[in-house]
Amino acid sequence: MPPPPLTRTDLARALSKLGFCSRSRASELIRMGKVSVNRVIRKNPEFPVVLGRDILVMDDESINPAKQVYLMLNKPRGLVTTASDEQGRDTVFTCFEGTKLPHLSPVGRLDKASEGLLLFTNDNVWADHITNPATHLDKTYHVQVEGYLDETQLTRLRRGIQDEEVGLLSAKAVKILRTGEKNSWLEFTLDEGRNRHIRRLLQALGIEVIRLIRVKTGPLNLGNLPRGKWRELTKNEVAQLRSI
């Protein structure tokens, strides 16, 4: 079997791909003169390198590829899906404080008010496959809303609603899970993800969302993972998502 092809990229992106740090942090370190390529200090974050061939060193220590990590977090409501926030809001990375995990990136997003299954990894190829719109990976959400929906409204959600900002929005599937005295729970399945997709759909019908929880991504279930906690994926779970 021939060896895998070498990857050509810029220096900052190379450090990110290796799981060493984020691309923005890599750019800072490079401009500070802390990173060398083949024993020569390079201060240009866009300096071209070839992963698997060039020798990258920071402060006299070789930058080796980090172990590939794949995990799921049960994201609590109120956290933003980013490594740092200009407004000083708490981020999903507060859930990993005190751990010795390598640099990870979220796979997709959940908005601040949403909860549930959120994936993280330092394997960019795996993450790109999952988030590629062409993959059409199903994601399932449980949504609590004020009031009740009738079959006409459910049909409109499935057929699609035109949104002024993002165009046609629709649900691959939607059904009523249960109803209470003043509100009900719906189950949505999407095979694409636009910004605030479900919220925009329901807003078009004048329906207010109380809670929105992602419970499934492809074959992967959130299960009984406590809110704010995380676990590593099994090899089988990683392979299942890779094969979709």
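The values are calculated or read from the model by the stated rules, or taken from the named source; none is laboratory data. All of these numbers come straight from a predicted model, not from anything done at the bench. Every residue, glycine among them, receives a Cβ derived from its backbone with ideal geometry; neighbour counts consider all protein chains shown. For the accessible areas, the whole protein counts, side chains as well, though only heavy atoms, and no ligand, DNA or RNA atoms are used. Shrake-Rupley method; radii C 1.70, N 1.55, O 1.52, S 1.80 Å.
Quick notes on this one:
- Lysine pair count for the chain [Cα-Cα under 14 Å; pairs on different chains or 8 or more apart]: 9
- Across the chain, Cα pairs under 8 Å and at least six residues apart give a relative contact order of 19 percent.
- The chain - percent of accessible surface contributed by carbon and sulfur, probe 1.4 Å: 47 percent
- Counted charge near Thr82, where neighbours are those whose Cβ lies closer than 14 Å (Asp, Glu -1; Lys, Arg +1): +2
- Relative contact order computed over region 1-110 (Cα-Cα under 8 Å; 6+ residues apart), in percent: 24 percent
- Taking Arg89, Arg158, Arg77 in turn, the Gaussian network model of the chain (Cα-Cα springs below 10 Å) assigns the largest fluctuation to Arg89.
- Beta bridge orientation in the chain: antiparallel %, DSSP, nearest 5: 95 percent
- Basic side chains Lys and Arg get +1 at the Cβ, acidic Asp and Glu get -1 at the Cβ, and with that the dipole of region 93-244 about its Cα centre reaches some 280 debye.
- Heavy-atom accessible area per residue - the chain, 1.4 Å, Å²: 58 Å²
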